[in-house]
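Have a look at the structure below before the remarks.
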Amino acid sequence: MSPDHVLTFTEQVNAPAKQVYRAFTNSTALREWLCDEASAVARAGGRIYLWWNDGYYSSGEYQILEPEEEIRFTWRAKDDPAASLVKVRLSKRDEGTLIELEHSALESGDERQETIAEMQKAWESSLKNLVSVLETGEDLRFVNRPMLGITLDDFNDEVAEKLGVPVKEGIRIDGVVDGMGAQAAGLQADDVLVGLAGQEVSDWPTLTNALQRLQAGDEIDVTLYRGSEKRTVKMTLSRRPLPEIPETPAALAQVVEKKYERMEAALDDFFAEVSEEQASRKPVQDIWSPKETLAHLIHGERGWHTWMADLVGGFEPSYDDWGGNLQARIDATITAYPTIAELREELRRNCAETVAFLARLPEEFVARKGSYWRLGHNMVEQPYHFNQHLDQMRSAVESALQR
């Protein structure tokens, strides 16, 4: 067995070496083109940990860091018998940067040939994605991934028991998007997905990993629970709609402001004839009242502020799981803002803060095209989440009127 197998790659990217260097040394930047989670301490002896949704991971440490010129780090993946070495050399070429990557000291016996071939393919696709992210901002893993056309809701042991679902892990559907595959396949709120195209899905990472292997137009089997009944349905995957991302913060802020104005008008229409009593009523014990839904929308907007600050700062936190929507937090917000008018004013103020933040995005952040594109896409995307909750509020009031 030879321990000195070497993979070599060369890519030319129309981006300055400073940005390419950052792509290999910053955790947020690494997530935007290479992996799904990352931790990076960019100093000699500092850690570099990379993780993918399919369960593959690599850990190592930086050995050499020469800003805008060279990066070296060790690489020991999940099933590797020993650590290997990744060397990245950067040099100015024409108006951009030439990337020369060498992955060496790989065990290359017969039993490792499949692993070596997979690594070759993975580096090739990842480096092409790096070029896309640095030049256009688009993460090809996301852009090329099809859509089911669903919005998600909490799912835990308590919810499973209430729904009569005999599993404790899965993807609970909150609603379906008009015109997309999930709606056409007959999926509905409170269905719990557990399988997709022959792969088990238990949470958001496993769902995205399953979708990354598929293409728009593929017909797949989707396995779900509707209450205690297990079903398998055929679904044709939808193409992901990609909105145009404004090039400047000012233009982005204007687009988002217009979106919020349309949402505000929809809330005006809804609450025009809704009383405080009606807005306070739950249709059933475990479904939010309209006031509780407004509190949730406020929390969502506050969450955008925190996420944007982390993204602009270049360091996003990583969480093992999602704790769900805490009723105590909903109750606290309604205690602080007890009327419809007060809740709506707080939501307006938070939306105005989002727009103001977008308008003031610093130039150095906009130059990081991957992060700017990701932020812009999330901000200008159709308000599926809001529309779903608006429908829920309508249903809650209709239920209250029928009592």
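No value in this document is a laboratory result; all are computed from the given coordinates. As the structure is a prediction and not an experimental result, all values here were calculated from the model. Cβ: placed from backbone, ideal geometry, glycine included. Neighbour counts: every protein chain shown.
Separation of the alpha carbons by more than 27 angstrom is noted, of Lys291/Lys369; Lys18/Lys87; Lys78/Lys230; Lys128/Lys234; Lys18/Lys128, for Lys291/Lys369; Lys78/Lys230; Lys128/Lys234. What's the whole-number percent of alpha carbon pairs in region 150-236 lying beyond 15 angstrom? Considering region 150-236, 55 percent of its Cα-Cα pairs are separated by more than 15 Å. Per-residue extension of 0.36 nm, minus the Cα-Cα distance of Asp331 and Asp79, leaves a gain of 85.9 nm for this segment.
Here the contact order of region 5-138, divided by its residue count and restricted to Cα pairs under 8 Å and six or more residues apart, works out to 29 percent. Apply the Debye scattering formula to the chain, with a single equal point scatterer on each alpha-carbon and no solvent, then give log10 I(q)/I(0) at q = 0.10, 0.13 Å⁻¹. For the chain at q = 0.10, 0.13 Å⁻¹, log10 I(q)/I(0) is -0.80, -1.23. The simple spin-label model puts a point 7 Å past each Cα toward its Cβ; for Gln12 and Trp204 those points are separated by 3.9 nm. What share of all Cα pairs of region 249-402, in percent, falls into each consecutive 10 Å distance bin? Spelled out bin by bin, region 249-402 gives 10, 37, 32, 17, 4, 0 percent. Spatially, region 233-256 and region 191-207 are offset by 24 Å when compared through their Cα centroids.
A crude spin-label estimate for the pair Gln188 and Glu229, with each label 7 Å from Cα along the Cβ direction, gives 0.9 nm.
Per-residue packing, averaged as other Cβ atoms within 10 Å, sorts the ranges 309-320, 272-283 into the order 272-283, 309-320, beginning with the highest. In order along region 136-147, phi translates into HN-Hα couplings of 10, x, 7, 7, 4, 4, 7, 4, 8, 7, x, 10 Hz, rounded to whole numbers, per the Karplus curve 6.51 cos²θ - 1.76 cosθ + 1.60 with θ = phi - 60° and x for Gly and Pro. Reducing region 14-67 and region 132-184 to their Cα centroids gives an inter-centroid distance of 28 Å. Sequence-distant contacts, meaning Cα pairs under 8 Å at least 6 residues apart, place the relative contact order of the chain at 15 percent. On the basis of the beta-carbon distance and an R0 of 56 Å, Glu247 and Ser280 show a calculated FRET efficiency of 0.80.
What you get for the chain, charging only the Cβ of Lys and Arg (+1) and of Asp and Glu (-1), is a dipole of about 300 debye around the Cα centre. Each stretch of four or more DSSP H residues adds -39500 (n - 2.57); spread over every residue of the chain, this sum gives -13500 deg cm²/dmol at 222 nm.
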